[in-house]
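K.L.:
One structure is given below, represented as C-alpha cells, and several questions about it will come after.
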Amino acid sequence: MEHTDPDSIRRQTKIYVAVFAALATLTIVTVTVSYLHLSAVPAIAVALLIASIKGSLVAAYFMHLIDERKAIYAILILTVAFFAVLMFVPSFGNWDQRILR
Amino acid sequence: MEIPYTVEPRPDTGLYNAKLGIWLFLASEVMLFGALFSSYVLLRTGAPVWPHGRDEGLNVPLATLNTLILIASSVTMVMAWASVKLNDRKKYRLYMGFTILCGLAFLVIKGIEYAHKFETHHYPSTNTFLAIYFTLTGLHGLHVLGGMIVNSYFWGPGAKLFARDPERFGNRIEVAGLYWHFVDLVWIFLFPTLYLL
C-alpha cells in the first residue's frame with residue numbers, strides 16, 4: 001500500500017465503511033436469491049458471481065490490492081494460474097467417464 | 001543482529017520482508033483451500049445425487065449471521081490498522097478488541113451448529129456432504145482460531161511495540177490483517193457453496 005499519509009488514511013476509513021455496507025447487502029442478496037429455488041446452473045452462477053464480487057471488494061480495499069507493488073501482483077498471478085489448474089484439471093479427468101456413462 | 005527490512009522496503013521488491021512473506025504464505029493457503037474446493041467439486045459432480053445444505057439440517061440464518069460477523073471483523077481489523085497509522089492507541093485497542101470478539105462470536109456460533117449436528121447424529125462419517133462440510137468448516141475454524149491468537153497477542157503484550165516503534169507495529173498489524181481478511185475471503189466462498197447451493 002503506497003498512500004499512508006494521515007489524510008489519505010482518513011479518506012480510506014470512509015471507503016472501508018462503504019465496502020462493509022456493500023458486503024452486508026450482497027450477503028443478504030445471496031441468501032434471498034437462494035430462497036428463489038432457481039435450478040442448479042443459474043443458482044450456482046448467481047451465488048458464485050456474488051461471492052466473487054464480495055471477494056474482490058475484500059481483496060481490493062481491505063487487503064489494499066487496488067494500490068500495491070508489482071511483486072505482490074506477480075505472486076498473485078502465479079497463484080491464480082495454479083489455483084485454476086487445481087480446480088479444473090481434476091474435473092477434466094473424469095469427463096470421459098461421464099461421457100461413457 | 002537486527003532483522004533487516006522490517007520497516008524500510010527492500011530495494012528489489014519495494015516491500016518490507018514480512019509483507020512479501022505473508023503474501024507467499026497466503027499463496028500456499030490458496031492452494032490448501034483450493035485443493036479442498038477442488039475435492040468438493042469432484043465429489044459433487046461424481047455423486048448421483050447431492051443434498052442441499054438445508055436438507056442436511058444446516059442452519060442458514062445462523063450461517064448468515066456468522067458471515068455478517070466475519071465481515072464486520074474484517075472492517076474493524078482494517079480500522080485497527082488505520083488507527084495505528086493515525087497514531088491513535090485508544091481506537092486501535094477498541095477496533096482490535098472488537099475484531100477478536102467477532103472471531104470468538106464466530107467460533108461460538110460454529111460450535112452451536114456443530115453441537116446441533118452431533119445431537120442429531122450427523123457426523124463426518126454420515127455421508128460425503130457432511131464429510132466435506134466438516135473438513136472445510138473445521139479447517140476454516142482453525143484458521144479463525146489461529147488469527148484470534150495472533151490478534152490477541154497484538155492487542156495485549158505485543159502492543160508494547162506501538163509506543164516503541166509505531167511504524168514497525170503498523171506493519172505487523174497490516175500483516176496480521178492480511179491473514180484475517182484472507183480467512184474472511186475463504187468464508188465468503190464457503191458460505192454459499194455449503195449452505196446455499
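All of the numbers you see were taken from the coordinates with simple rules; none came from a lab. Just so it is clear, the structure is predicted and the values come from calculations on it, not from any experiment. Cβ: placed from backbone, ideal geometry, glycine included. Neighbour counts: every protein chain shown.
K.L.:
Extent of the protein assembly as shown along each principal axis, from alpha carbon coordinates, in Å, largest to smallest?
P.N.:
Principal-axis extents of the Cα atoms in the protein assembly as shown, largest first: 64, 40, 35 Å.
K.L.:
Partner chain Cβ atoms within 10 Å, averaged over the residues of A:60-67 - can you pull that number for me?
P.N.:
Average neighbour count from other chains, rounded to a whole number: 5.
K.L.:
Find the lysine pairs in chain B meeting two conditions, Cα atoms under 27 Å apart and a separation of 8 or more places or different chains, and report how many there are.
P.N.:
The number of close lysine pairs in chain B is 7.
K.L.:
Give the aspartates and glutamates reachable from residue A:70 as a straight Cα distance under 12 Å; neighbours fewer than 8 places away on the same chain don't count.
P.N.:
Partners found: A:2, B:12.
K.L.:
Would you tell me the mean number of C-beta atoms belonging to other protein chains that fall within 10 Å of each C-beta in B:183-191, as a whole number?
P.N.:
On the way: counts 0, 6, 9, 1, 1, 13, 6, 1, 6.
That average works out to 5.
K.L.:
Another question, then. Under the definition of partner shielding as Cβ atoms of other protein chains within 10 Å of a residue Cβ, what is the mean value for peptide B:155-163? Can you show the working numbers first?
P.N.:
Numbers: counts 0, 0, 0, 0, 0, 0, 0, 0, 0.
Across the residues of B:155-163, the mean count of other-chain Cβ atoms within 10 Å is 0.
K.L.:
Between the range B:22-94 and the range B:107-149, how far is it from one alpha carbon centroid to the other, in angstrom?
P.N.:
14
K.L.:
Rounded, prolate or oblate, given the Cα gyration tensor of chain B, with a/c below 1.5 counting as rounded? Display every interim value, and only then the final one.
P.N.:
Working: a/c = 3.04, a/b = 1.85, b/c = 1.64.
Since a/c reaches 1.5 and a/b is larger than b/c, the shape of chain B is classed as prolate.
K.L.:
Please state the shape class of the range A:1-68: rounded when a/c is under 1.5, otherwise prolate if a/b exceeds b/c and oblate if not, all from the C-alpha gyration tensor.
P.N.:
Oblate, since a/c reaches 1.5 and b/c is not below a/b.
K.L.:
What is the packing order of peptides A:58-67, A:21-30, taking the mean over residues of other C-beta atoms within 10 Å and listing the highest first?
P.N.:
Averaged packing, sorted descending, gives the order A:58-67, A:21-30.
K.L.:
If you don't mind, there's one more thing I want to ask. Pop out the ³J(HN,Hα) list for the range A:36-42 in order, Karplus 6.51 cos²θ - 1.76 cosθ + 1.60 with θ = phi - 60°, rounded to Hz; leave Gly and Pro as x.
P.N.:
So the Karplus estimates, Gly and Pro as x, are 7, 6, 5, 6, 3, 5, x Hz.
K.L.:
Quick check on chain B: helices-only [θ] at 222 nm, where DSSP H runs of length 4 and up contribute -39,500 (n - 2.57) each and the sum goes over total residues. Nearest 500, please.
P.N.:
-26000 deg cm²/dmol
K.L.:
Top mean-square fluctuation among B:11, B:51, B:124, Gaussian network model of chain B, C-alpha springs under 10 Å?
P.N.:
For chain B, modelled as a Gaussian network with Cα springs under 10 Å, the answer is B:11.
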